[in-house]
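Undergrad: Structure incoming, see below.
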Amino acid sequence: MSDEELIANLNTKVEGENKSQDIQIFTLSTCMWCKKCKRYLDDKNVQYSYIDMDKIQYAQKKQILDFLMATYKERISYPFLICDGKAIVGYNPDKYEKMLKSGAD
């Protein structure tokens, strides 16, 4: 299975009125910062998808992590948010705000 197919199969989609951007988050279910990231997007009524990496099989997790490191050349830290092909690593509401504003143009 390709990386994109694996991610699509494991995604949980959260509906929102703001659908102007393609947002994918890789999170841990117990991570306080990941919960804040999701809450931030929920509060802004943004549509996004997420995968709780601690709730998937080890082989799936390894495949996704290898894909993220090769594609985005970033360290892996959670939340790992991808918006329209650009990564934001860690909880950073200032960067999220800029991301949302750039999508409104």
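Every number in this text was worked out from the coordinates using simple rules, so none of it is lab data. As the structure is a computational prediction, the values presented were derived from the model and not from experiment. Backbone-built Cβ (ideal geometry, glycine too); neighbour counts: all protein chains shown.
Undergrad: Taking the alpha-carbon set of the chain, what are its Rg and Dmax in Å?
TA: My reading of the Cα-based Rg and Dmax gives 13.0, 40 Å.
Undergrad: Still on this model: Which of the helices in the chain meet the span-like rule: DSSP H, Cα axial reach of 15 Å or more, Kyte-Doolittle mean at least -0.5?
TA: Span-like helices, by this rule, are 58-72.
Undergrad: Under 13 Å from the 7 Å Cα→Cβ point of ASP84, by amide nitrogen: which residues of segment 13-29?
TA: Output list for this probe position: 19-23.
Undergrad: Moving on. Compute the length gained on full extension between ASP54 and SER77: take 0.36 nm times their separation in residues and subtract their Cα-Cα distance, giving the result in nm to one decimal.
TA: 7.0 nm
Undergrad: 222 nm [θ] for the chain, helices only, -39500 (n - 2.57) per DSSP H run of 4+, per residue, to 500?
TA: My calculation for the chain gives -14000 deg cm²/dmol from helical runs alone.
Undergrad: Could you tell me the relative contact order of segment 1-86? Use alpha-carbon pairs under 8 Å, at least six residues apart, and round to a whole percent.
TA: RCO, segment 1-86: 41 percent.
Undergrad: Give the cross-link partners of LYS95 among the aspartates and glutamates, using a straight C-alpha distance below 19 Å as the criterion and excluding same-chain residues fewer than 8 apart.
TA: ASP22, ASP42, ASP43, GLU74, ASP84, ASP105
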